[in-house]
Amino acid sequence: MAKEKQQCCEKFKTMIGGQALIEGIMMRGPDKDAIVVRRAEGLSIETSPRKKNSPKSYKNLPFIRGVFNFFDAQVVGIKALLRSADLAPEEMQEEPSKFDKWLEEKLGNEKFQQLIVGIAVAMGLGLSILLFFLLPMVIGGFFDRWLESNLAINLVEGLIRMVIFLAYMLLVSRMQEMKRVFAYHGAEHKTIRCYEAGLPLTVENVRMQTRLHPRCGTSFLLVVMVISILVFSVASSALLAAVPALEAIRGTFGYRLLMIAFKLLLLPIVVGITYEINRWAGRHDNGFTKILTAPGMWLQNFTTNEPDDSMIEVGIAAVEAVLPEQEGADRW
């Protein structure tokens, strides 16, 4: 077991990372992205140049860049997931509906794909906001009549949010069709661990690595949950101090609706702060960062599974496809 959990030999930190797909892995490097899918005839490897912002662009400013990078990751991830569905073995593909065929005929393949991606991103973000933010806010709002402390209300909301999030992760991890996806997620982490350890990318070396990684998107989502408690508490307290008249309507439907809308507007700030925290924690190794990343690492026990050797081969091909020409150019 100790051999399988090797994780103390990191020589450098890479910015290379990705996500699991349907029978494959999407990997993002400093200069290009790669989609690697296992098909009946072997591995399908597709690479594309990565779009990067100008160094002087406002999109690279601290706290602002996190929002743009998060949204970009959602769009690229959905596109890769849809592409993997096209490349996956035929027995795993679903026959397009008549409505899908009609839309593709009317819009053309390119516009149809853009529409599908747009709808998928909107539905994904919308469902996440509804389930992990709006629902806890609505439930937490009913505690206004008993809790006078604004901090206590936000702590209750945060606790509800964490319970919903953990329950969701637990349920998804038990879905049979997600087990292979999570195994590819494990292969992605193991391969990056091997690369960061400076070891040759072989199946044997990758197999020895831990499937947990501190810079995983799962950890990012967990930190978002925690940071939202702090940001919502401070911001709502500031709002109540600036507008004392709100105290008179506390506990009413109008007050709950106003606070929900106010907190939803704060979500980009939460994402921006979380991105900077994860960015800093990912670049430092000390006792504090290990404590900070420990909950996210634990959560990955639900979102990653041990991969088989064929999945590890996909992970190796994905990392090798995005390695920069100049050694070290992918340093985090």
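Computed values, structure above
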| item | result |
| --- | --- |
| Selection status of residue 257, at pLDDT below 90, in a helix (DSSP H, G or I), among the hydrophobic types (A, V, I, L, M, F, W, C) and over 30 Å from residue 213 (Cβ atoms) | yes |
| Output for the range 138-183, where each listed residue is in a helix (DSSP H, G or I), among the small types (Gly, Ala, Ser) and more than 23 Å from residue 295 (Cβ to Cβ) | 141 |
| Residue that is most open to solvent (accessible area, probe 1.4 Å) [pool: residues in the range 154-172 that are touching a Leu at 6+ places or on another chain (Cβ under 9 Å) and more than 19 Å from residue 231 (Cα to Cα)] | 168 |
| Enumeration of residues in the range 269-290 that are in contact with a Phe, Trp or Tyr (Cβ under 7 Å, 6 or more places away or on another chain), open to solvent by less than 60 Å² (accessible area, probe 1.4 Å) and at pLDDT below 85 | 282 |
| Residue, nearest to residue 162 (Cα to Cα), within the range 219-237, restricted to residues that are surrounded by 19 or more Cβ atoms within 10 Å (Cβ to Cβ) and of a type in the set (Ser, Thr, Tyr) | 228 |
| Hits in the range 184-211 - residues which are within 16 Å of residue 311 (Cα to Cα), in a loop (DSSP other than H, G, I, E, B) and open to solvent by 20 Å² or more (accessible area, probe 1.4 Å) | 201, 202, 208, 211 |
| Lone qualifier among 175, 137 - being exposed (fewer than 15 other Cβ atoms within 10 Å of the Cβ) and of a type in the set (A, V, I, L, M) | 175 |
| Subset tally (residues that are assigned to a helix (DSSP H, G or I) and buried (at least 24 other Cβ atoms within 10 Å of the Cβ)) for the range 304-315 | 4 |
| Filtered residue count, the range 36-70, keeping only those that are in contact (Cβ under 8 Å) with a residue 40 or more places away in the chain, more than 14 Å from residue 25 (Cβ to Cβ), surrounded by fewer than 16 Cβ atoms within 10 Å (Cβ to Cβ) and of a type in the set (A, V, I, L, M, F, W, C) | 3 |
| Candidates 2, 88 - the one that is open to solvent by less than 30 Å² (accessible area, probe 1.4 Å), modelled with pLDDT under 80 and out of contact with any helix residue (DSSP H, G or I) (no Cβ under 9 Å at 6 or more places or on another chain) | 88 |
| Residue 20 farther than 15 Å from residue 195 by Cβ, open to solvent by less than 60 Å² (accessible area, probe 1.4 Å) and modelled with pLDDT of 90 or more | yes |
| Residue within the range 263-274 that is over 22 Å from residue 140 (Cβ atoms) and not in a loop (DSSP other than H, G, I, E, B) present | yes |
| Number of the condition not met by residue 215 [criteria: (1) open to solvent by 50 Å² or more (accessible area, probe 1.4 Å); (2) closer than 26 Å to residue 64 by Cβ; (3) among the charged types (D, E, K, R); (4) in a helix (DSSP H, G or I)] | (4) |
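The values are calculated or read from the model by the stated rules, or taken from the named source; none is laboratory data. Only a predicted model underlies this, so the values are computations on that prediction, with no experimental measurement involved. Heads up, the Cβs are rebuilt from the backbone with ideal geometry, glycines too, and the neighbour counts pull from every protein chain shown. For accessibility, only protein heavy atoms count, side chains too; no ligands or nucleic acids. Shrake-Rupley method; radii C 1.70, N 1.55, O 1.52, S 1.80 Å.
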